[in-house]
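Before any comments, here is the structure.
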Amino acid sequence: MKKNLQKVMSLLCVSAISLSMIAGCGGGNNGGTTTETPAATTEEASTETSTEAADATAEESTEATEETTEETTEETTEETTEAAADGESTPRNETLYEAGQQWGTINDWNPMSANSNNGLALSANESARELVYETLFMFNSLDGKLYPLLGSEYSWNDDQTELTVKLNPDAKWSDGSAFTAEDVAYTYDTHVKYQSSQGADFSTYVDSVEAVDDSTVLIKAKVENGVAVNPLKVTSILNTMYMMQKAYLQTVEERNGEDADKVKQDTMEDLVHTGPYAPYISNDQKAVLQRDDNYWGQADSMWGKLPVPKYIAHTIYKDNAAGQVALSQGEVDVCQQFITDVQNLWLEDNLPISTWLDDAPYGACEVMPSMFFNTEREGLDQKEVRRAIAMAVDYEQIIASAMSGQSPTFAEYPRSVVGPTDGERKYVDFDAIADLQWDNADVDGANKLLDDAGIVDSDGDGIREYNGKNLSFKAECPTGWSDWNASMEIVAAAGEKIGIDIQTYFPEASSFYDDMTTCNFDICMWSTPGAGVMNPYSKGMFYFSEEYAKLASNWSGNFGHYMNDDAEKILEALPAETDEAKLKEYYTELSRILLDECPAVALMYRPTLFYAVNESVWTNYPAADDGRNIPPTDCTDGYGIAALYELELVE
């Protein structure tokens, strides 16, 4: 039942950065994924709003949400009835139902895919989803450490050019064969050979991955002038790259004639994997994973037992409102999506629903959902236009309405390249960038900036022109992500006040992913990396990395292809820097560039994953005050999967 958690703000925002500069001490983030990551984006202190127009936007958004919720109550019940009637239902007391991860029929099980929508099983971020495929180690955002999984231990040599990994000798594939170092080496080599997103990314920093013997892997870092290019990046392979079987990969290669596009598009429905669950049901109504009762992890060297739920299931809901209805009705156990005024579920509705914390922001704030400007679009290639849009946005309205107060404000935590955690913010001199901060909804300042730049409305149609063309753009994010949709509406309203036409565009998630990863957008929305030993470095990469911008399919960051030589030089210097004064200088300068040039702008602070659980069927979920050190990552991601081994049925 709902726990009485009275925690101070420092518990809300977990930080692992104190460990981030110590080689081999913990996890990391490769800055991107090979698959889509809806969980990272269905992600926050009420403030007084400042304009009537924004209030009207919020009111309309609230009314729409209420109407949708009423409509979807009946629809959700119908969907559940149909699913039960199709002969593919699973026993409720053996099934853990998730929401907020899978938004469409699963299109593949391929960790190398550039356009996978498999949120249920494939999400290789800092805390990878460990249900079907597994990584070598699991990251824990609560303490910033890596925990053994397929790998048992790892260590760097003195100059951080070679990383040695020992494997768990008990680890096995789902076909019963042993997991070996050859599998690790072949997994990496295959990513590189076919230039998957991860392969293209890691090959910049990794020279080779070699099998020393069956249980030992040697990862060699690329070296320039006797120094490893990026030890932090190399370490992040351990917790972000899913391991695949060498023999199976060779089968995939053979049936696709070693054609790169075909290999990456292979659905891999006949996959071989190491994880505790396997695909069971996948259709346009739901996706279900079934426990592998021969899972190697029940060995004493790992968990010593099987996860408690026999099935992990996810109904395909059309939007957040439908998922929320299902959570309220006990049809969803773990909900990874934003819920407006989530506290009302227990305070007013008296439902057996819990969050990580009782009080706002209810989760661990680590990320900054941001709007990216396509700097290759005419008009948006001008920093005055980008900065003017940023200045005009009513962020307090986003936090108060779209986020229902579930975020610290930018008055509390001024903008920068780092997140709201104390561990990250110590790396920025906020006094040094105070002159670049702007007031909330500074419409007058934005209009003056554009006027001074000569970007004016010359034909009297109410829209400013640049090079003779109206400034007209689309702001997009996936349909059904109600909090993000509302945020983009507030951005569009800001444009109208400064003579810039911004229309919202909410395509299906798969279409949005294609737009974002190929820079086929005007303005789009995506979240920074969360906790990890690479932070705040990974956030700097997210906003500025030229390498990411050059990826054919880019899930990593810098989606708007912004190029800045000064920022790139700083990113090159950061991984090998250990002097804290110098690090502070670097991150302060990155923050100055971000605020001045505005290639991207944070819209709010929020948890990496939202986390609300209904305890009508299952209980003993992780909570902030339980002392178990299991993070609120929905019982699926990183070390958060440990929760599956401790769940209990409600009697």
### Query
Given the conditions (1) surrounded by 18 or more Cβ atoms within 10 Å (Cβ to Cβ); (2) under 35 Å from the mean Cα position of the chain (by Cα), which single one is not true for Arg464?
(2)
#### Entry: Filter result (part of a helix (DSSP H, G or I) and touching a Ser or Thr at 6+ places or on another chain (Cβ under 8 Å)) within region 387-412
Tyr395, Glu396, Gln397, Ile398, Ile399, Ala400, Ser401, Ala402
#### Entry: Complete set of residues in region 413-425 that are farther than 25 Å from Asn485 by Cβ, modelled with pLDDT under 90 and part of a loop (DSSP other than H, G, I, E, B)
Thr421
### Message
Looking only at region 129-143, count every residue that is modelled with pLDDT under 95 and buried (at least 24 other Cβ atoms within 10 Å of the Cβ) and tell me the total.
### Response
3
### Query
Which pairs have Cβ atoms under 7 Å, sit 6 or more apart or on different chains, and link a residue in region 483-510 that is aromatic (Phe, Trp, Tyr) to one that is part of a helix (DSSP H, G or I)?
Phe506/Asn485
### Summary
Screening Ser301, Ser354 for residues that are of a type in the set (Ser, Thr, Tyr), over 21 Å from the mean Cα position of the chain (by Cα), surrounded by fewer than 18 Cβ atoms within 10 Å (Cβ to Cβ) and closer than 22 Å to Gly638 by Cβ leaves only Ser301
### Message
Against the condition over 16 Å from Met241 (Cα atoms), acidic (Asp, Glu) and modelled with pLDDT of 95 or more, how does Asp189 come out, does it pass?
### Response
no
### Summary
Going through region 397-408 in order, the residues found to be surrounded by fewer than 24 Cβ atoms within 10 Å (Cβ to Cβ) and within 15 Å of Val491 (Cα to Cα) are Ala400
### Task
Among residues belonging to region 532-566 that are over 23 Å from the mean Cα position of the chain (by Cα) and in a helix (DSSP H, G or I), point out the one that is surrounded by the fewest Cβ atoms within 10 Å (Cβ to Cβ).
Asp565
### Task
Give me a count of the residues in region 158-186 that are at pLDDT 95 or above, in a loop (DSSP other than H, G, I, E, B) and either on the phi > 0 side of the Ramachandran plot or not hydroxyl-bearing (Ser, Thr, Tyr) (or both).
8
### Message
Looking at Ser487, Ser510, Ser472, Ser458 in this structure, which one is on the phi < 0 side of the Ramachandran plot and at pLDDT below 95?
### Response
Ser510
### Query
Only one residue in Val252, Val192, Val263, Val234 is in a helix (DSSP H, G or I), at negative phi, β-branched (Val, Ile, Thr) and under 22 Å from the mean Cα position of the chain (by Cα), so which one is that?
Val234
### Task
Test each condition in (1) in a loop (DSSP other than H, G, I, E, B); (2) out of contact with any strand residue (DSSP E or B) (no Cβ under 9 Å at 6 or more places or on another chain); (3) more than 17 Å from Lys246 (Cα to Cα) for Glu126 and report the one that comes out false.
(2)
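The values are calculated or read from the model by the stated rules, or taken from the named source; none is laboratory data. Quantities reported herein were computed from a predicted structural model and do not represent experimental measurements. Positions of Cβ are backbone-derived with ideal geometry, glycine not excepted, and every protein chain shown enters the neighbour counts.
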